[in-house]
Amino acid sequence: MAVSTIDGDRNLQRAATAGTNAINDSDVHSIVLSYLIHNCFKETAQTFLACTGMSQHVDYLLEMEKRKTILHYITEGNALKATELTEQLVPNLLEDNKDLHFDLLSLHFIDLVRSRKINEALEFAQTKLTPFGNVAKYDEKLEDFATLLTYEEPEKSPIFYPLSPEYRENITDNLNRAILVHANLPSYSSMERLIQQATVVGQYLHEELGKVSG
């Protein structure tokens, strides 16, 4: 996996500096493959490799499968299992990244609130989340979480965001990037970096054209 992803970034940098004419099939294949691997599209990546004849790193399938399993547990509402597997796959990651650890634990709390398991939610908050309360940013979130318990329908409360799909997706994405960085891999796929660069260039050109028009 490391070989394919790093090659994709190198091809992206070469294409960006040498001009669009420098983009060839090999560059495109590497960029697409890095996107598939980054997002754990295992089956699609295997099919893509077979169709293009690209070589594959011996460890990338196993690593991607483990990462995919972790992210799947978060999506399916089992943040505790995702936390457990993360600690097995990447020891010390959550210990070193308190924000991410707190967010993962908060997902379990939110799932308990959504299921109206109030007593379990309170107990979990006291044992697992309260220790984070000596830091201001965590204390503010804890107050919001506690407020959710007072609503009959927390999804309709003014502070419903922690129960939204976007909140869960954001934490899932952050965990995915953190695992990749810990493995010395890019936190963004080559395709994402290409889109980011194109966006920056587009904004710059828009500003320059505005100056000329002015």
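At a glance:
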{"item": "Sparse-neighbour loop sites [GluC sites (Glu not before Pro); the stretch 80-171; at most 13 other C-beta within 10 Å; DSSP]", "result": "Glu152"}
{"item": "Environment charge of Glu95, counting only residues whose C-beta is closer than 15 Å and scoring Lys/Arg +1, Asp/Glu -1", "result": "-3"}
{"item": "Area of Val201 that stays accessible when all protein chains are in place (1.4 Å probe, Å², to 10)", "result": "80 Å²"}
{"item": "Leu129 accessible area, assembled protein chains, probe 1.4 Å, Å²", "result": "0 Å²"}
{"item": "Exceeding the 18 Å Cα-Cα cut-off - candidates Lys81/Lys128; Lys98/Lys141; Lys81/Lys137", "result": "Lys81/Lys137"}
{"item": "Partners for Lys66 among aspartates and glutamates (Cα-Cα distance below 19 Å; same-chain residues under 8 apart left out)", "result": "Glu43, Glu76, Glu84, Glu87, Glu169, Asp173"}
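The values are calculated or read from the model by the stated rules, or taken from the named source; none is laboratory data. If you're wondering where the values come from, they're calculated on a predicted model, not measured in any experiment. Heads up, the Cβs are rebuilt from the backbone with ideal geometry, glycines too, and the neighbour counts pull from every protein chain shown. Ligands, DNA and RNA are stripped out before the accessible areas are found, and what is left, the full protein with its side chains, is counted by its heavy atoms. Shrake-Rupley method; radii C 1.70, N 1.55, O 1.52, S 1.80 Å.
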